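A.B. asks: Quick one: the structure is below, and I'll ask about it shortly.
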Amino acid sequence: MEIDPPSPAINAYQSLEARLHDVFWATEGPPVELPLLRSFLEIHLGPSLEIGCGSGRLLYPLIEAGFSVEGLELSADMIQLCREHPTPATIHHGNMDQWQAPQRYASLLVPAFTLQLSQDPAAALKHFATMLQDRGMIYLSTFTPLAEILGDLPENTWYPDHQTLLPDGSLAVLHTLHRVDREQQLLERSHRYEIHDSSGQCLSSHESQQRIHWITREQLKRMLTAAGFEIVQQYADFKPSRKSLKQAQIISTIARRIG
């Protein structure tokens, strides 16, 4: 595995958050976004980069399927998990908002709502365009946090988010607290990750913060246009067969660099 030196940035997905991130995703079943990524890469050949590859939950299945994909990840702890994977991969360590690519890619993958974690999603899209070849392609997914916006989840209150048994018999638990800024379209989350033994005693814990920008369809279109992209296709809730984007909580967008 080749790893670039990190660019200066505040790190995220550390400690128990890195260790348990994929554990909680696994409780949701197989990665629903993976078939879309495979279909995208089957059409758009050439070197690709997954931005925010984490521990390789999506990256390694794509590499093992024969696609030429590198990864970019901010968290050193996530990259350490990548090192434990037997499949060779090129993982770059850096902040997506400022990382300088060593080459121009035929395509970029920005799955799992990674764009919304950028400090400035509009500026990030302009930066992503500099990483692409002429008429290069980008796949990205965005979501609207409807449960938080509509008040279905209690604001400013810790609530149980996920829990699952680990192979050693201990219990992994995630509690979340959130605040919503509707004017700025910001969702701020605090996460508390814990490991409990069979008696319920907390063996270890870790707290983290996360800031998510939510973006409307029209806002995303304007951002992409300003960054020099044209939208080629969009899917609702990871379902290519679904024709209407109305009331979609998740939108997957494929766009081409034209600027």
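A.B. asks: If I build a Gaussian network model for the chain, linking alpha-carbon pairs within less than 10 angstrom, which residue out of GLU84, GLU194, GLU73 has the largest mean-square fluctuation?
C.D. replies: Maximum fluctuation in the GNM of the chain, among the listed residues, is at GLU84.
A.B. asks: In nm, give the distance between the simple-model label positions of SER244 and LYS126, each being 7 Å from the Cα along the Cα-to-Cβ direction.
C.D. replies: Distance between the two pseudo-spin positions: 3.7 nm.
A.B. asks: Hey, rough spin-label estimate for GLU64 and ALA76, points 7 angstrom out along Cα→Cβ, what's it come to in nanometres?
C.D. replies: Distance between label points: 2.9 nm.
A.B. asks: Follow-up. Any idea which of SER118, GLN185, MET137 is furthest toward the positive side of the dipole for region 110-188, if Lys and Arg beta-carbons carry +1 and Asp and Glu beta-carbons -1?
C.D. replies: Going by the charge dipole, the pick is MET137.
A.B. asks: Determine how large the accessible area of HIS93 is when every protein chain is in place; take a 1.4 Å probe and give Å² rounded to the nearest 10.
C.D. replies: 30 Å²
A.B. asks: Moving to a separate point now. Please compute the length gained on full extension between ARG222 and GLU155, using 0.36 nm multiplied by the number of residues separating them and subtracting their Cα-Cα distance.
C.D. replies: 21.1 nm
A.B. asks: Which is the longest run of the chain containing none of the trypsin sites (Lys or Arg not before Pro) found in DSSP loop states (not H, G, I, E, B) with at most 15 other C-beta atoms within 10 Å?
C.D. replies: Of all site-free stretches, the longest is 1-103.
A.B. asks: With a 1.4 Å probe and every protein chain left in place, work out the accessible area per residue of region 73-131 in Å², rounded to a whole number.
C.D. replies: 39 Å²
A.B. asks: Counting Lys +1, Arg +1, Asp -1, Glu -1, what net charge surrounds ILE251 among other residues with beta carbon under 15 Å of its beta carbon?
C.D. replies: +4
A.B. asks: Enter the angle in degrees (range 0 to 90, nearest 10) between the Cα long axis of helix 34-43 and the first principal axis of the Cα atoms of the chain, meaning the one along which they spread out most.
C.D. replies: With both axes taken from Cα atoms, the answer is about 20 degrees.
A.B. asks: Could you tell me which of GLY169, LEU36, LEU220 has its Cα farthest along the dipole of the chain towards the positive end, charges placed at Cβ (Lys, Arg +1; Asp, Glu -1), taken about the Cα centre?
C.D. replies: Projecting each Cα onto the dipole axis, the largest value belongs to LEU220.
A.B. asks: A further question on this structure: So I have (1) 1.13; (2) 1.00; (3) 0.96, and one of them is Rg/Rh (Cα atoms, Kirkwood Rh) calculated from this model. Which one is it?
C.D. replies: Label of the calculated value: (3).
A.B. asks: Okay, moving on. Rounded, prolate or oblate: pick one for region 1-155, where a ≥ b ≥ c are the square roots of the eigenvalues of its C-alpha gyration tensor, a/c under 1.5 means rounded, and failing that, prolate if a/b is larger than b/c, else oblate.
C.D. replies: Cα axes put region 1-155 in the rounded bin.
A.B. asks: Taking the Cα centre of region 31-113 as origin, work out the dipole magnitude from +1 charges on Lys and Arg Cβ and -1 charges on Asp and Glu Cβ, in debye rounded to 20.
C.D. replies: Approximately 120 debye in magnitude.
A.B. asks: Please give the helix 121-130 orientation as an angle from the longest Cα principal axis of the chain, in degrees from 0 to 90, rounded to the nearest 10.
C.D. replies: The two axes meet at around 50 degrees.
A.B. asks: Explain nothing, just the number: dipole magnitude of region 115-259 about its Cα centre with +1 on each Lys and Arg Cβ and -1 on each Asp and Glu Cβ, in debye rounded to the nearest 20.
C.D. replies: 960 debye
A.B. asks: Something else now. Hey, in the GNM for the chain with a 10 angstrom Cα cutoff, which one of LEU58, LEU49, LEU150 fluctuates hardest?
C.D. replies: LEU150
A.B. asks: Roughly what angle does helix 15-26 make with the longest principal axis of the chain, taking Cα atoms, 0 to 90 degrees, to the nearest 10?
C.D. replies: With both axes taken from Cα atoms, the answer is about 70 degrees.
A.B. asks: Size of the dipole of the chain about the Cα centre, Lys and Arg at +1 and Asp and Glu at -1 on the beta carbon, nothing else charged, in debye to 20?
C.D. replies: With Lys and Arg at +1 and Asp and Glu at -1, about 1100 debye.
A.B. asks: Here's a follow-up. Calculate, in nm to one decimal, what ILE231 and ARG38 gain on full extension: separation in residues at 0.36 nm each, minus their alpha carbon distance.
C.D. replies: That works out to 67.6 nm of additional length.
A.B. asks: Follow-up question, since we're still on this one. Under a 10 Å cutoff between Cα atoms, tell me which one of GLY29, GLY46, GLY228 has the largest fluctuation in the Gaussian network model of the chain.
C.D. replies: With Cα springs under 10 Å in the chain, the top fluctuation among GLY29, GLY46, GLY228 is at GLY29.
The values are calculated or read from the model by the stated rules, or taken from the named source; none is laboratory data. Remember, it's a predicted structure, so these values are computed and weren't measured experimentally. Reconstructed Cβ throughout: ideal geometry from the backbone, glycine too, with neighbour counts over all protein chains shown. Side chains are part of the model used for accessible areas, which takes the heavy atoms of the whole protein and leaves out ligands, DNA and RNA. Shrake-Rupley method; radii C 1.70, N 1.55, O 1.52, S 1.80 Å.
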